[in-house]
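Heads up: the structure comes next, in structure tokens.
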Amino acid sequence: MNLDIHYEDPDIYVINKPAGLLSVPGRGDDKYDSVQSRCQISAPAAMAAHRLDMATSGLLLIAKHKAAERHYKQEFAARRVEKRYIAVVHGSLADDRGDIEYPLITDWERRPRQKICYEHGKTAHTSYEVLARDGATTRVALTPHTGRSHQLRVHLAAIGHPILGDEFYADENPPAAPRLLLHAETLAVTNLHGILQRFHLNPAF
């Protein structure tokens, strides 16, 4: 599989997804390689229960069979899953914590980018907490209460603190970091037997 398996049981894999690898296959043979397709080598019915952006690293849950897929996708859809991300952003945030609530929609002319749209956008809510300030940058913990595409990236850029290395939303050329400094650090979800599973993985940056 050539993957870093953070946790495994008869129902799931929890993978430490590297930045630069797709969560699921995209369109075209050149986009087939992904965490999901690699897991299918060992578990042919394996399906991702959620997704991380290609540029994001961290915890990704893969269901091994249909019953597990159905259960975990329902947990994510019902927002019963606790998720926390770590990011390094440009600038020094003025407040130690806060909430960002800008509605988001696909920017069709510049896909896969997303944009803020008050007329047609879907509700999106992100909470942040400052972990450390280092002059020109800030390390923050991010909690997405909704799961919109590129939500964390757009929200941080919208308040003037884009994530380092963001090729879409940071006004930097070349990027100030060799990769997007966004990592899925914590994942907590109830399994098929009603037991809470909690996973934690510190970022490499």
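The values are calculated or read from the model by the stated rules, or taken from the named source; none is laboratory data. These numbers come from a predicted model, not from an experiment. Reconstructed Cβ throughout: ideal geometry from the backbone, glycine too, with neighbour counts over all protein chains shown. We work out accessible area using only protein heavy atoms, side chains counted, and drop any ligands, DNA or RNA first. Shrake-Rupley method; radii C 1.70, N 1.55, O 1.52, S 1.80 Å.
For the residues ALA158, ALA170, ALA124, ALA184, the requirement of being closer than 27 Å to GLU8 by Cα and surrounded by 14 or more Cβ atoms within 10 Å (Cβ to Cβ) singles out ALA184.
Look through the stretch 187-197, keep the residues that are touching an Asp or Glu at 6+ places or on another chain (Cβ under 8 Å) and open to solvent by 30 Å² or more (accessible area, probe 1.4 Å), and return whichever of them is nearest to ARG80 (Cα to Cα). This residue is THR190. Once the stretch 129-145 is narrowed to residues that are in contact (Cβ under 8 Å) with a residue 40 or more places away in the chain and exposed (fewer than 13 other Cβ atoms within 10 Å of the Cβ), the residue that is nearest to the chain's Cα centre (by Cα) is ALA136. Assessment of the stretch 51-62 against the conditions (outside the structural domain of ALA158 (by the TED database), open to solvent by 70 Å² or more (accessible area, probe 1.4 Å) and farther than 27 Å from ALA158 by Cβ) yields no matching residue.
For the stretch 9-46, residues that are part of a loop (DSSP other than H, G, I, E, B), at pLDDT below 95 and of a type outside the set (Lys, Arg) total 2. Would you confirm whether any residue within the stretch 77-98 is surrounded by fewer than 16 Cβ atoms within 10 Å (Cβ to Cβ), hydrophobic (A, V, I, L, M, F, W, C) and closer than 19 Å to VAL189 by Cα? For the stretch 77-98, residues surrounded by fewer than 16 Cβ atoms within 10 Å (Cβ to Cβ), hydrophobic (A, V, I, L, M, F, W, C) and closer than 19 Å to VAL189 by Cα: present. Just a yes or no: is a residue in the stretch 11-18 open to solvent by 30 Å² or more (accessible area, probe 1.4 Å), touching a residue at least 24 places away in the same chain (Cβ under 8 Å) and under 13 Å from the mean Cα position of the chain (by Cα)? Looking through the stretch 11-18, at least one residue is open to solvent by 30 Å² or more (accessible area, probe 1.4 Å), touching a residue at least 24 places away in the same chain (Cβ under 8 Å) and under 13 Å from the mean Cα position of the chain (by Cα). Within the stretch 76-133, the set of residues being more than 19 Å from HIS145 (Cα to Cα) and of a type in the set (Gly, Ala, Ser) comprises GLY91, SER92, ALA94, ALA132. For the stretch 22-35, a tally of residues being surrounded by fewer than 19 Cβ atoms within 10 Å (Cβ to Cβ) and either on the phi < 0 side of the Ramachandran plot or touching a strand residue (DSSP E or B) at 6+ places or on another chain (Cβ under 6 Å) (or both) returns 9. Whenever a residue of the stretch 67-93 is on the phi < 0 side of the Ramachandran plot, its partners that are modelled with pLDDT under 95 and in a strand (DSSP E or B), lying with C-beta atoms within less than 9 angstrom and at least six residues away or across chains, give the pairs VAL88/ASP134; SER92/ASP134.
Exactly one of (1) at positive phi; (2) part of a strand (DSSP E or B) is unmet by ASN2. Its number? So ASN2 meets the others, but not (2).
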